[in-house]
Amino acid sequence: MRSRRPAHSPVHDVFGYAVRETRARRRLSQEELAFQAKLHRNYVGALERGEINPTMRVILKLSKGLRVWPSELAELTELRWEQLRSGYEDAEPFEKPKALGRRRR
């Protein structure tokens with residue numbers, strides 16, 4: 001019997017970073033965002049760490065909690081993805097993105 005692999009991928013990391021960056025710009029804690037978005041605070045943390053593949057429903061809830069259009073989250077995700085692929089040469093982020101991806105133990 002094969003074990004199920006988690007949904008983790010670099011794209012999940014980048015989306016999580018976009019959520020974290022937007023939340024930080026709005027000066028919200030994970031708990032405040034979770035309350036506004038009607039999600040559990042642990043779920044918000046897992047999303048930001050790239051551990052969860054969010055559904056459209058969750059993206060809409062996050063957008064409402066962050067008070068941004070869903071397209072803004074998608075645009076920031078795309079921007080961060082391109083920066084990741086290009087090595088951050090032309091990056092002007094809120095704060096310099098850390099290496100996205102899981103740490104190896």
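The values are calculated or read from the model by the stated rules, or taken from the named source; none is laboratory data. Please read these numbers as outputs of a predicted model, since none were measured by experiment. Reconstructed Cβ throughout: ideal geometry from the backbone, glycine too, with neighbour counts over all protein chains shown.
Residues to consider are LYS38, LYS64; find the one that is modelled with pLDDT of 95 or more, at positive phi and out of contact with any Pro (no Cβ under 8 Å at 6 or more places or on another chain).
Within the list LYS38, LYS64, the selection yields LYS38.
Do any helices (runs of 4 or more DSSP H) entirely within region 22-92 hold 3 or more residues that are out of contact with any Phe, Trp or Tyr (no Cβ under 9 Å at 6 or more places or on another chain) and aromatic (Phe, Trp, Tyr), and if so, which?
none
Give just the number: which of (1) crowded, with 19+ Cβ neighbours inside 10 Å; (2) within 10 Å of the chain's Cα centre (by Cα) does ALA46 not satisfy?
Condition (1) is where ALA46 drops out.
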